[in-house]
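The values are calculated or read from the model by the stated rules, or taken from the named source; none is laboratory data. Values in this document were obtained by computation on a predicted structure and should not be read as measured data. Please note: Cβ atoms are built from the backbone with ideal geometry, for glycine as well, and neighbour counts cover all protein chains shown. Ligands, DNA and RNA are stripped out before the accessible areas are found, and what is left, the full protein with its side chains, is counted by its heavy atoms. Shrake-Rupley method; radii C 1.70, N 1.55, O 1.52, S 1.80 Å.
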Amino acid sequence: MAREVKIKGKPDDDREPGAGEDRHAPPPPPDAVEEKLRPQRLSEIIGQRAVAERLSIALAAAKKRNEPLPHILFDGPPGLGKTTFAGVLHNELGVELNLTSGASLDKKMDVMPYLTNAAEGSILFIDEIHRLPRAVEEFIYPVMEDFRVDVVLGEGMAARTINLPLKKFTIIGATTRSGMLSAPLRERFHMHEHLEFYDPEDLARIITINAAKLRATISDEAAWELAGRSRGTPRIANSRLRWVRDYAIARADGAIDLSISRDALAMQEIDSEGMDKQDRRYLDTLIRVFKGGPTGAEALAATMTLSVDTIRDEVEPYLLRREFVVRTPRGRVATAAAYRHLGLAQPEVDPEDDLLNPQRRLFL
Ligand SMILES: Nc1ncnc2c1ncn2[C@@H]1O[C@H](COP(=O)(O)OP(=O)(O)OP(=O)(O)O)[C@@H](O)[C@H]1O
């Protein structure tokens, strides 16, 4: 079968389009270096072992039965490999891959060409699938179940529904917010794969492999240093590596050692935990403006003049995972670790009012 990748409608960020912006504007050209670093085969995937193993079973079964892969839903914070996994599955099967995004599928007619043109066994990757409008979501239910679309022709009394059969293909959905997916849509995916943050060991391997792809030499200590400061995220590890490589070329002989990486990261104001200015600003706003919380994401976003999506998808997941912040029913609360990290004294809290007190949280 032909192997083809068509990229369409992938927005460059998660903002809602503002006045004068076109949500159907062509996507930016893919970053050629980022594409070069992307694993192509399942054997090149680092970490996420359990996910990779389940996918290898699904691949082997699909090949033996000569049937398409089951529909798969990937969820997890940005940059952990959802698109990479979709690309790997397409390469392993040698089938066509079409890419689109929930944000660019406004109407049923936007999604129709993807469905009717889908080749037998091909993959349709829908990024940010939680952004599909409800009407479009409902339109694809019969596609996912029976490979047909129901098209209504005419209006009023003369209206009639015709069933249009489609080729059997696979929908791979990716989302940073699985909680926003409706239950019927979620249930139509036969495999649900949650991608977790990577541990430093896996990130150090990714960095060493990618340094070689970029023809850069990096010491083991430097790879570990970058790994520990990449927020558990391969995409961030790649961008840290690219910056440190440039720094090493500009300021030294191009070889990346521990001291070069520390100097380069310090210049970008990336601290020992891998947090950047935006992360620290979030904690600082929560602690200074909102007295440590509880407060909502909307209030934080408005104060920081960022979109709520950026706060929820990009800033908070890692801070929550590292327990610098906890979410309580009344909002976000900074933990002692956050105060310590910013070098601030934590005010005394009455145990009765302490939202982080496990006894008290039981009653909230
Ligand atoms: N398991 C992995 N092994 C090696 N490299 C990886 C892995 N996962 C991701 N990467 C690297 O991280 C980069 C970003 O991954 P990817 O674009 O797949 O993330 P994503 O989860 O789809 O993000 P988004 O939701 O923002 O689109 C890839 O280009 C690749 O270089």
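Under the condition of being within 10 Å of the ligand (Cβ to nearest atom) and open to solvent by 60 Å² or more (accessible area, probe 1.4 Å), which residue from the range 40-72 is farthest from residue 91 (Cα to Cα)?
By that ranking, first place goes to 49.
So, of the residues in the range 229-241 that are in contact with a helix residue (DSSP H, G or I) (Cβ under 7 Å, 6 or more places away or on another chain) and in a helix (DSSP H, G or I), which turns out to be farthest from the ligand (Cβ to nearest atom)? I'd like the intermediate steps shown before the answer.
At the first step, the residues of the range 229-241 found to be in contact with a helix residue (DSSP H, G or I) (Cβ under 7 Å, 6 or more places away or on another chain) are 229-232, 234, 237-238, 240-241.
Going one step further and asking which of them are in a helix (DSSP H, G or I), we end up with 234, 237-238, 240-241.
Working: 234: 3, 237: 7, 238: 5, 240: 12, 241: 10 Å.
Selected residue: 240.
How many residues are within 16 Å of the ligand (Cβ to nearest atom), assigned to a loop (DSSP other than H, G, I, E, B) and of a type outside the set (S, T, N, Q) when one looks only at the range 167-190? Let's see the steps before the verdict.
As a first pass, look at the range 167-190 and keep what is within 16 Å of the ligand (Cβ to nearest atom): 171-181.
Add one more test, that the residue is assigned to a loop (DSSP other than H, G, I, E, B), and what stays is 176-177, 181.
From what's left, of a type outside the set (S, T, N, Q): 177, 181.
Here the count works out to 2.
Can you tell me which residue within the range 266-278, out of those that are in contact with a Lys or Arg (Cβ under 6 Å, 6 or more places away or on another chain) and open to solvent by less than 50 Å² (accessible area, probe 1.4 Å), is nearest to the ligand (Cβ to nearest atom)?
274
Condition check: surrounded by 18 or more Cβ atoms within 10 Å (Cβ to Cβ) and not assigned by TED's automatic domain parsing to the domain that holds residue 337. Does residue 250 satisfy that? Can you show your working first?
Numbers: surrounded by 18 or more Cβ atoms within 10 Å (Cβ to Cβ): no; not assigned by TED's automatic domain parsing to the domain that holds residue 337: yes.
Answer is no for this residue.
Restricting to the range 263-310, give me the number of residues that are part of a loop (DSSP other than H, G, I, E, B) and closer than 26 Å to residue 227 by Cα.
To start, the set of residues in the range 263-310 that are part of a loop (DSSP other than H, G, I, E, B) comprises 268-276, 290-294, 296, 305-307.
Applying the additional criterion that residues be closer than 26 Å to residue 227 by Cα yields 268-276.
Summing the residues that are part of a loop (DSSP other than H, G, I, E, B) and closer than 26 Å to residue 227 by Cα in the range 263-310 gives 9.
With respect to the numbered conditions (1) in contact with a Gly (Cβ under 9 Å, 6 or more places away or on another chain); (2) at pLDDT below 95, which one is the sole condition not fulfilled by residue 48?
(2)
From 320, 344, 356, which residue is modelled with pLDDT under 95, closer than 25 Å to residue 77 by Cα and assigned by TED's automatic domain parsing to the domain that holds residue 298? Walk me through it before giving the result.
Numbers: 320 fails: modelled with pLDDT under 95; 344 fails: closer than 25 Å to residue 77 by Cα.
Matching residue, one of 320, 344, 356: 356.
Consider residue 226 carefully, then state whether it is away from the ligand (no atom under 11 Å from the Cβ) and open to solvent by less than 40 Å² (accessible area, probe 1.4 Å).
yes
With 217, 303 as the choices, which residue is assigned by TED's automatic domain parsing to the domain that holds residue 328, open to solvent by 60 Å² or more (accessible area, probe 1.4 Å) and more than 16 Å from the ligand (Cβ to nearest atom)?
Working: 217 fails: assigned by TED's automatic domain parsing to the domain that holds residue 328.
Only one candidate qualifies: 303.
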